[in-house]
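Let me begin by presenting the structure, written as structure tokens, before commenting on it.
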Amino acid sequence: MSSAEINPPPSFSSDCPAAATTPALRRIEAREALLGGSLLIRRALPNGQKRMIGAWCFLDHAGPADVSAGGGMRVGPHPHTGLQTFSWLIEGEVLHRDSLGYEQILRPGQVNLMTAGRGISHSEESPDVRPDSLQLAQLWIALPDAKRHCEPAFEHHPVLPKHDQDGFTLTLLVGEAFSEKSPAKVYSPLVAIDITTDLAEAKTALPLRPEFEYGVLVLEGSATVCGELVEVGTLLDLGCGRTELTVNVARGARVLLIGGEPFDEEILLWWNYVGRTAEEISEYDRLWNETDHFGEVKNFDGTRLPSPPIPVGLKSPVK
Ligand code: MN
């Protein structure tokens, strides 16, 4: 995806207090935006109250939306740097194309993981023939300094480890849990688990790592997580220092748990770039506007996305 705001504010990881070392139970409302002109998204990260959870630096929940009309979702070629995009499809289909030449349909239960590294460009759109409804979560993962200039890469994971307990299906998207390991290649200690139940009433518990910080976003229905009732559109910041996640559901739910070791580097996120300084961000944007650094996305029927104007006085994070 591409940051859809007309004048996206820069996100300095240093804008918010450092990650708490103790458990939190803080509700953060996602803000709504339209992507590709018509697709409603809820952006939970970055947020004025919370910039990152581990290396997770961006979290969009899109839909469920009726994409039967016109072209459906259409996000034209746009660049990324210094991050990985992680797409988890819940309903519908998305066609990914990138400047490495990958062309991949993403279907429910599958993950696309694109490593931007030094620079990549991609498009995301509804295929011509498709289901009517679309729902997905897209997250971005900041790459650590030692990896952020790496060569770009793309992975498609059609099958992820699953585990059934207490009437819930847990799908391990990233990291390790229930004696399984996700095939998704990431570069810092992270976890992401989709927790779903079809039962009207159910409850379960998962072990957490006290050195990780965690957050939970409800994707469907509502759930009481660690004692707090949360609904679609609310990110629950759980902080660090917890050893257990409890989930109680009264009328069905799908929740996304994300976590990781607090990211110990200051990042600067603006538009679709993650860097470390304002000068780097300006240079990425010059490369997008003036050179072929980000390659070409072939076969997308449309124009590439222009970047918004860089905010006057974009400053590097305070060290
Ligand atoms: Mn994108």
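Take the alpha-carbon centre of segment 189-238, take the same for segment 109-183, and report the distance between them in whole Å.
Each part reduced to its Cα centre gives a spacing of 18 Å.
Straight-line reach from LYS298: which lysines fall under 21 Å, measuring Cα to Cα and dropping same-chain residues less than 8 apart?
none
How about segment 120-211: which trypsin sites (Lys or Arg not before Pro) there lie in a loop by DSSP and see at most 12 other Cβ atoms within 10 Å?
Counting only loop positions with at most 12 other Cβ atoms within 10 Å, the trypsin sites (Lys or Arg not before Pro) in segment 120-211 are LYS185.
How much net charge surrounds LEU208 when only the other residues with a Cβ under 12 Å from the Cβ of LEU208 are counted, with Lys and Arg +1 and Asp and Glu -1?
Taking every Cβ under 12 Å from that of LEU208, the sum is -1.
Once you sort the root eigenvalues of the Cα gyration tensor of the chain as a ≥ b ≥ c, which label holds: rounded (a/c under 1.5), prolate (a/b larger than b/c) or oblate (the other case)?
Verdict is oblate for the chain.
Quick one: net charge around GLY70, please, counting Lys, Arg +1 and Asp, Glu -1 for every other residue with C-beta under 15 Å from its C-beta.
Net charge in that neighbourhood comes out at -3.
For segment 11-290: lysine pairs with Cα atoms under 20 Å, gap of 8 or more or different chains, count?
Lysine pairs meeting the criterion: 4.
CYS240: net charge of surrounding residues, Cβ under 14 Å, Lys/Arg +1, Asp/Glu -1, itself excluded? Show your work: numbers first, answer last.
Working: positive: ARG26, LYS50, ARG209, ARG242; negative: GLU211, GLU213, ASP237, GLU244, GLU261, ASP264.
Around CYS240, the surrounding residues sum to -2.
None of the figures in this text is laboratory data; all of them are computed from the coordinates on show. This is a predicted model, so every value here is computed, not measured. Cβ: placed from backbone, ideal geometry, glycine included. Neighbour counts: every protein chain shown.
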